[in-house]
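Worksheet: the structure to be examined is printed underneath.
The values are calculated or read from the model by the stated rules, or taken from the named source; none is laboratory data. From a predicted model like this one, the values you see are computed outputs, not experimental measurements. A quick note on method: Cβ atoms are made from the backbone with ideal geometry, for glycine too, and the neighbour counts reach across all protein chains shown. When the accessible area is computed, the model is the full protein with side chains, heavy atoms only, and any ligands, DNA or RNA have been set aside. Shrake-Rupley method; radii C 1.70, N 1.55, O 1.52, S 1.80 Å.
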Amino acid sequence: MRILVVEDDKKIASLVVRGMEQAGFAVDHAEDGEDALHLALSEPYDAAIMDVMLPKLDGLTIIERMRQKKIHTPVIVLSAKRSVDDRVRGLQMGGDDYLVKPFSFTELLARVRALIRRANHEAEPTRLLMGELSLDLLTREVIRSGKKIDLQPREFSLLEYLMRNSGRVVSKTMIIEHVWGYSFDPQTNVVDVLVSRLRNKVDRDFENKLIHTHRGVGYAIKLP
């Protein structure tokens, strides 16, 4: 999952970005309205967290322009303004939810996940399954045929992304955007290295291999 965080307060931005990355999101961060608008109009995001008071361009104007361009990325508005009128205006401009500062990160994370579920018209699963392989999104536990598999954060994010797209081939570009959150450099081999590490943990000790390479296209996880 890829998310855009728009916040000019360095302390709040650091908290939100770090927390979202630890929760398994790939995060892009913009400190001013112009950069935020450029990213929102040019990059695919599963959700955005938008401060209202920003340098150069305010958050509500960014949301309004996104909606004018038919970009329906779900947006949660952050604001120090507490009045009902302010909240109503944020929603009328195209925001999908509104959270008043100071806020609990746990609540913010829960609201972001709820927005993504709503946008995808699906209930958020707590566990992903692929044959005898299971990934628990709450405990972050991975088990295959009764054997627990210890994964590093990026390995877990890659496996989650593959399992959410089970049976479909995802390109290196898609993987790097959703796991790392930055534009793809065709010369880098970080995706190949990460896939190799994940394979060693998920497939090496098992007869049936789940992670498959489609040369020149990308990778897929599927039953043999």
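Couple of notes before you dig in:
- Against the numbered list (1) part of a helix (DSSP H, G or I); (2) modelled with pLDDT under 80; (3) charged (D, E, K, R), E160 comes up short only at (2).
- Applying the criterion of being without any contact (Cβ under 8 Å) to a residue 24 or more places away in the chain and of a type in the set (G, A, S) to the residues of region 1-46, the residue that is farthest from Q152 (Cα to Cα) is S42.
- Test for S196: is it crowded, with 19+ Cβ neighbours inside 10 Å and small (G, A, S): no
- Residue match in region 32-50 (condition: open to solvent by 70 Å² or more (accessible area, probe 1.4 Å), in a helix (DSSP H, G or I), touching a Leu at 6+ places or on another chain (Cβ under 6 Å) and at pLDDT 95 or above): yes
- Here is the figure for region 97-136: residues that are in contact (Cβ under 8 Å) with a residue 24 or more places away in the chain, open to solvent by less than 80 Å² (accessible area, probe 1.4 Å) and within 15 Å of the chain's Cα centre (by Cα) total 7.
- Any hit, region 126-138, residues being within 27 Å of L210 (Cα to Cα) and among the acidic types (D, E): yes
To keep it simple, each residue is scored yes or no on (1) in contact with a helix residue (DSSP H, G or I) (Cβ under 6 Å, 6 or more places away or on another chain); (2) of a type in the set (D, E, K, R); (3) within 30 Å of V170 (Cβ to Cβ); (4) part of a helix (DSSP H, G or I).
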| residue | (1), (2), (3), (4) |
| --- | --- |
| G19 | yes, no, yes, yes |
| H29 | yes, no, yes, no |
| I63 | no, no, yes, yes |
| R67 | no, yes, yes, yes |
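- Scanning region 44-98 for residues that are of a type in the set (K, R), in contact with a Gly (Cβ under 6 Å, 6 or more places away or on another chain) and within 23 Å of R113 (Cβ to Cβ) turns up just one, R67.
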